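Working notes for the structure below.
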Amino acid sequence: MHRVAFSKADTAKFISHLDLMRTFQRSFLRAGISIKHTEGFNPHAFVSIPLPLSVGFSSACEVLECQVLNLPLEEVPARLNAALPAGITVHRCYEGVRPVKELCYVNYIVTMEYEAGAPFGAESAIRDLLARECLVMEKHSKKAKSGKVEVDLIPLIHRATVEERRDTIALDLILRAQNPGLNPELVVEAIRTHCPDAAPDFVSFHRRAVLDENLQNWE
Amino acid sequence: MNRTLEHILPRVQKPARYTGGEYNAVVKDRRGVDVRYALCFPDTYEIGMSNLGMRILYGVMNEMEGVWCERVFAPWLDMEEEMRREGIPLYGLESGDAIADFDFIGFSLGYELAYTNVLNLLDLAGLPLRSEERYGLSPLVVAGGTCAYNPEPLAPFVDLFVLGEGEEVSQEVIHLYRKAREECWSKEEFLSAAADIPGIYVPSLYQASWREDGTLAAMTPLEGAPAVVTKRIVQDFDHSYFPVRTIVPSTEIVHDRVMLELFRGCIRGCRFCQAGYAYRPVRSRDPEILLRQGIESCRDSGYQEMTLSSLSTSDYRPLERLCDGLLEWCEPNKVSLSLPSLRADNFSLGLMERVQHVRKSGLTFAPEAGTQRLRDAINKNVTEEGLLRSCRTAFSGGWSSVKLYFMLGLPTETDEDVLGIADLAEKVYQAWKETTPNPKRGVTITVSTAWFVPKPHTAFQWEGQISMEEYLRRVKLLREHMKGRSIKYNWHDSQTSFLEAVFARGDRRVAQVIEQAWRQGAKFDAWSEGFDFDRWMAAFQTCGVDPAFYANRTRDKDEVFPWDVTSVGVSRQFLWRERERAYEAVITPDCRAGCSGCGANQLCPGGKCDA
């Protein structure tokens, strides 16, 4: 299995997961890169993205899995970059060794913006909130009959650093990646619910790194 | 990306429609550009990006030195609300710059119900709606496309209309604009000079006057403007621009595939069909060129689907040769080929099987009318026998789903014709039973009826649309006679078709109704989310305009039409003759069987047309 490491920024942030898969399939064709296809009546390119990114998030550490058939891997990034839409940049293409299940944590930078400056006491309120013993939030679930399920965020937050700047508060979060994972939007929702005075006017999410159990980069 | 925009995008549906940045989107350096052009499509991104004309004009203008053409689509309701709240003016997708500062704002008009979106886009741009209220030379508001063949309902809002194919005339307008700017012309001076360019209609240079009975008395040209503006065509279709390198959207659009344009025009002469008359004369593209364009387009875009586009694909003479060539490349490259617009009468097994080889898609036929008499009257030269033969061929080849398209309310239609649709559907079902290799799988026959809308520049331009009550009665009659679980019946909504009939043949007085309805909130009228019939009826009443006068009235032979100032090259005498033949149910052979003298050949050098 080969892996393509790429970042997603600027206008490309708004390309959804499904559209991104389609965009990559077409980009491989444009770039003249043959990749393995599924067998069957309507063969399609065999590509997957282990941890889909929410629409609107930027990322420096996306990974796409595929099987390149016709090129040395080091030629892949330049060729793909010429064929991809603005905002998606491929950094590396390599033989994937570590299984996806070893991908344990994701590091997010969550920037909460306040038009009138960060409210007094917001930073410590958020810090206290994230230091609680338990923090239960409702989240949507396709499986549950009610369409909702309760989750305790605390065990899913490995580390949280809160830092106030002039008109933003930045959260540097290391969250569980999978089984179950935690979407940082839920952390912001918890802040809105429990610290209404610290509710931001706008939030941006950036995925900075994907990590293994020992907090080393997972590749 | 603009910060405010970045803040609102996470809140709207399908934000990728509003960002630009797609593969092959043209980004130029502002410093090297002296003409900015906003090419606007008054509907959503998904629909506008599916329009081949947009892609052609985008390519043509961006190939011009110093010209930067950008795309603008109608933001969906949620996005519009956010833009208005945050004070973001309408912007070009490529630069993000406000289009109010551009030199040209050009609209593609393909559907009458998008007219309110034209006004809404002007307003979102921050511009006054009416031409007379926009004083400066720029931005100039331009409009073209099929609806421009009756420009009058939008006359007060648009500075100039481009009639016909825009590849060449758009460039001529830009050249003239540069001269005007250099020599500091006023907008009036520019428009007056633009009216001398063949194919340009400047509505402010025509004075409409009416008789007491409400019909037009005259459209009087002022300042030496031509009495009739004839549409432009591209003469050398082989060498005209085709967008081989074209934008590949990063989000799904309606026609998300390579489109190859086989030919323009149509040899058939269906009497109801505006495209069939308005795009004449026929000009085809060489199959070798098409083959090259098809392969290059797939390679450049990464699309794995290709479709052949024209008004009647099976009338392309070298179709088999072209398909052979394309399939030879498509099959090993896993690209599927689809052939829309096949006529029911010459649907060939060979062609079908070869295309099916890559991927099998649904099958659609448009007999348009239920009886032979009515099909003859509208000159849709499809016979029941031909249709059933095609269906048998398809069913025995394993197809199990057929769509049949009809119109209700065609001139001379009787209840017998209406019921003929149910009979025909039943016969198609019997044909399936007789020929299918797998009867257990069942069949789906979908019958759809639209309400006939008389259009300008057709043989039926004199006709009244039947009343809404009568249309609904015919729908009910047909519905009661549609039997069998395998036959599904859909009918088109009546209210939008009625409005379409008003706008299609409206004059300048209709413009105020469009403006009034827009002021009351009308937009996206082609969408159920936007359309409100009562709002429209109220607008007609407020303006004192009777919609039935435009939709339902049968015109006299010599009545002055609002669109008489435009010519598609087909003479009014010819259309009247065709109307008379319709009432006698006499068919007119297609252009290849013999020239009927429509007049469109005069648009070709030496009067020679390539039917």
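The values are calculated or read from the model by the stated rules, or taken from the named source; none is laboratory data. Just so it is clear, the structure is predicted and the values come from calculations on it, not from any experiment. No Cβ is skipped: glycine too gets one built from the backbone with ideal geometry, and neighbour counts run over all protein chains shown. The accessibility values were calculated without ligands, DNA or RNA, using every heavy atom of the protein model including side chains. Shrake-Rupley method; radii C 1.70, N 1.55, O 1.52, S 1.80 Å.
Working ranking of peptides A:2-13, B:167-178 by packing, defined as the average number of other Cβ atoms within 10 Å per residue, highest first, is A:2-13, B:167-178.
Going by the alpha-carbon gyration tensor, a ≥ b ≥ c the square roots of its eigenvalues, is region A:134-219 rounded (a/c under 1.5) or, if a/c is not under 1.5, prolate (a/b greater than b/c) versus oblate? Oblate. Mean residue ellipticity, 222 nm, helices only, chain B: the sum of -39500 (n - 2.57) across DSSP H runs of n ≥ 4, divided by residue count and rounded to 500, is -10500 deg cm²/dmol. The antiparallel fraction among DSSP beta bridges confined to chain B stands at about 20%. For the residues of B:325-337, the average number of beta carbons from a partner chain within 10 Å of their own beta carbon is 1. With the Cα gyration tensor of region B:443-598 giving a ≥ b ≥ c as the square roots of its eigenvalues, does the rule (a/c under 1.5 for rounded; else a/b larger than b/c for prolate; else oblate) give rounded, prolate or oblate? Oblate, since a/c reaches 1.5 and b/c is not below a/b.
The reciprocal of the average 1/r between distinct C-alpha atoms defines the Kirkwood hydrodynamic radius, which for region B:356-471 equals 15.3 Å. Measuring between their Cα centroids, region B:157-204 and region B:572-603 lie 34 Å from each other. The calculated 222 nm mean residue ellipticity attributable to helices in chain A amounts to -5500 deg cm²/dmol, summing -39500 (n - 2.57) over DSSP H runs of n ≥ 4 and dividing by all residues. Protection proxy ranking of B:586-599, B:63-76, by the mean of other Cβ atoms within 10 Å over each peptide's residues and highest first, is B:63-76, B:586-599. With a Förster radius of 45 Å applied to the beta-carbon distance between A:Ala199 and B:Arg31, the computed FRET efficiency rounds to 0.55. Apply the Debye scattering formula to region A:2-97, with a single equal point scatterer on each alpha-carbon and no solvent, then give log10 I(q)/I(0) at q = 0.17, 0.20, 0.25 Å⁻¹. Taken in order of the listed q values, log10 I(q)/I(0) reads -0.69, -0.96, -1.48.
A:Asp167 contributes about 80 Å² of solvent-accessible surface, heavy atoms of the protein only, 1.4 Å probe. Cβ-Cβ distance of A:Lys139 and B:Gln541, R₀ of 45 Å, FRET efficiency by 1/(1 + (r/R0)^6): the value works out to about 0.30. With 0.36 nm allotted per residue and the present C-alpha distance subtracted, the A:Arg92-A:Glu115 stretch has 4.5 nm of extension available. Per residue of peptide A:10-23, the mean number of Cβ atoms on other chains within 10 Å of the residue Cβ is 6. Counting only residues at least eight positions apart within a chain, or on another chain, the lysines with an alpha carbon under 26 Å from that of B:Lys179 are B:Lys28, B:Lys187, B:Lys231.
Exceedance of the 23 Å cut-off in Cα-Cα distance is limited, within the set B:Lys403/B:Lys433; A:Lys143/B:Lys14; B:Lys334/B:Lys488; B:Lys334/B:Lys433; A:Lys8/A:Lys143, to A:Lys143/B:Lys14; B:Lys334/B:Lys488; B:Lys334/B:Lys433; A:Lys8/A:Lys143.
What shape does region B:385-447 take by its C-alpha gyration tensor, where a ≥ b ≥ c are the square roots of the eigenvalues and a/c under 1.5 counts as rounded, a/b above b/c as prolate, and the rest as oblate? The shape class here is prolate. Take the accessible area of chain A alone and of chain B alone, subtract that of the pair, and you get about 2100 Å² summed over both chains, using a 1.4 Å probe.
For region B:562-611, the spherically averaged projection of the C-alpha convex hull amounts to 4.2 nm².
Here the protein assembly as shown carries DSSP beta bridges of which approximately 55% are antiparallel, counting only pairs with both residues inside.
Rg/Rh for the protein assembly as shown stands at 0.99; both radii use Cα atoms, and Rh follows the Kirkwood definition. Peptide B:250-259 has a mean shielding of 3, counted as Cβ atoms of other protein chains within 10 Å of each residue's Cβ. How big is the gap, in Å, between the Cα center of region A:27-50 and the Cα center of region B:243-299? Region A:27-50 and region B:243-299 have Cα centres separated by 28 Å.
For region B:428-474 versus region B:527-556, the spacing of their alpha-carbon centroids is 25 Å. Counted over chain A with a bin width of 5 Å, the fraction of Cα pairs per bin, in whole percents, is 1, 6, 13, 16, 16, 15, 12, 9, 6, 4, 1, 0, 0. Each principal axis of chain B carries a Cα extent, and these read 73, 64, 55 Å when sorted largest first. Antiparallel beta bridges, as assigned by DSSP with both residues in region B:1-134, represent about 10 percent of the total such bridges.
Report the FRET efficiency, 1/(1 + (r/R0)^6), for B:Glu189 and B:Arg572, where r is their Cβ-Cβ distance and R0 is 45 Å, rounded to 0.05. The calculated FRET efficiency here is 0.85.
Summary of packing: across the peptides A:146-156, B:490-500, the per-residue average of other C-beta atoms within 10 Å ranks them, highest first, as B:490-500, A:146-156.
Taking all protein chains as they are arranged and a probe of 1.4 Å, the heavy atoms of A:His44 leave approximately 100 Å² accessible to solvent. In region B:447-464, which residues have a backbone nitrogen under 17 Å from the label point lying 7 Å from B:Asp556's Cα in the Cα-to-Cβ direction? Label zone hits: B:462-464.
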